[in-house]
Amino acid sequence: MSSTRPAAPVAIIAGHVSARTDLSAVRVLLFDVFGTLVDWHTAVADELRAVGAARGAQADWGAVADGWRARYAPTLDRVNRGERAWANLDVLHRETLDDVLAEHGVDGLDDGDRDRLVAAWHRLPPWPEVRDGLTRLRARFVLATLSNGHVALLVDLARHGELPFDTILSAELADRRYKPDPTVYRRALELLDVAPGEAMMVATHPSDLRAAGALGLRTGFVHRPLEHGPDRPSPAPAPEFDVHAADLLDLARQLGT
């Protein structure tokens, strides 16, 4: 990376400078997207509700949205194990949607309805502070997505949310593997020409951060207690990562931007 980029300061955790973690080498922030930057649960549940109402279908649409999302990781794990051919998230979302609708007894939705629901994942709203937080962070760091979403999907989300990324990186670019496979993180480092200690993975999912941390990347946890909606608040993990932040503005503050 260019030597003209300013160095990041030492990590500040919960208002205190961390003696154990020097983040001065960090130049790049890699962001998980679903849940970390965008509110998938509210948007997907609302779209399910709207489609269901148009077809006279009734269900606990929040539970349907959660059930759909719950099929995400097991499906990606099958791809990583070679048990299923690689496919992008639109294809996988379409397949798993059929399963979750059947599980919840939802019928009467035609192919057009189902395609509309899959397309909802392309226009998820960012959390309220995300745009401002990214703007502040971009003053010091290179910002890139690092998501299991495919490039076309991530471009749509960035444009929909007016998110100021420097580049869009996807698991699609990493030999068609999915996080938390180490190939994904290594490919991002290679594309951005940085060493592991020069990049921080930012996510709300501990498994993502642990996988990145195992390769030497710095880790920034952002707490999104409402990722699964108000009825299923997500607890914050123990302080095992380099930075723990309440949101992106807090992350920016802790990183000195």
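In table form, for the structure just shown:
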quantity	calculated
Computed lengthening from GLU129 to SER207, 0.36 nm per intervening residue step minus Cα-Cα distance	25.7 nm
Read-out Rg and Dmax of the Cα atoms in Å, derived from the coordinates shown; its label in (1) 18.5, 60; (2) 19.4, 64; (3) 17.7, 51	(1)
Of every Cα-Cα pair in region 117-219, the percent that sits beyond 18 Å	49
Of all accessible heavy-atom area on the chain, the percent that carbon and sulfur account for (1.4 Å)	51
Nearest-20 debye value, the chain charge dipole, Cβ charges on Lys, Arg, Asp, Glu	840
Cα-centred dipole magnitude for region 16-68, charges only on beta-carbon of K, R (+1) and D, E (-1), debye, nearest 20	120
Contour minus Cα-Cα distance for ASP46 and ARG94 (0.36 nm per residue)	15.5 nm
Amide H contacts of PHE31 (H built 1.01 Å from N, under 5 Å, at least 5 apart or other chain)	ALA144, THR145, LEU146, VAL202
Translational diffusion of region 40-150, µm² s⁻¹ [Kirkwood Rh, Cα pairs; Stokes-Einstein; 37 °C; 0.692 mPa s]	211
Stretch gain in nm, segment ALA102-ARG232, where the contour uses 0.36 nm per residue and the Cα spacing is subtracted	44.5 nm
The chain: angle of helix 151-161 to the longest principal axis, Cα-based, in degrees nearest 10	80
Selected from LEU109, ALA54, ALA144, residue furthest toward positive end of dipole (the chain; charges at beta carbon)	ALA144
Ranked packing of 159-167, 65-73, 107-115, most packed first, by mean Cβ within 10 Å	65-73, 159-167, 107-115
Per residue accessible area of the chain, 1.4 Å probe, in Å²	43
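The values are calculated or read from the model by the stated rules, or taken from the named source; none is laboratory data. Computed from a prediction, not measured in an experiment: that's the story for all the values here. Using ideal geometry, Cβ is built from the backbone for each residue, glycine included, and neighbour counts are taken over all protein chains shown. Note: areas computed on protein heavy atoms with side chains; ligands, DNA, RNA excluded. Shrake-Rupley method; radii C 1.70, N 1.55, O 1.52, S 1.80 Å.
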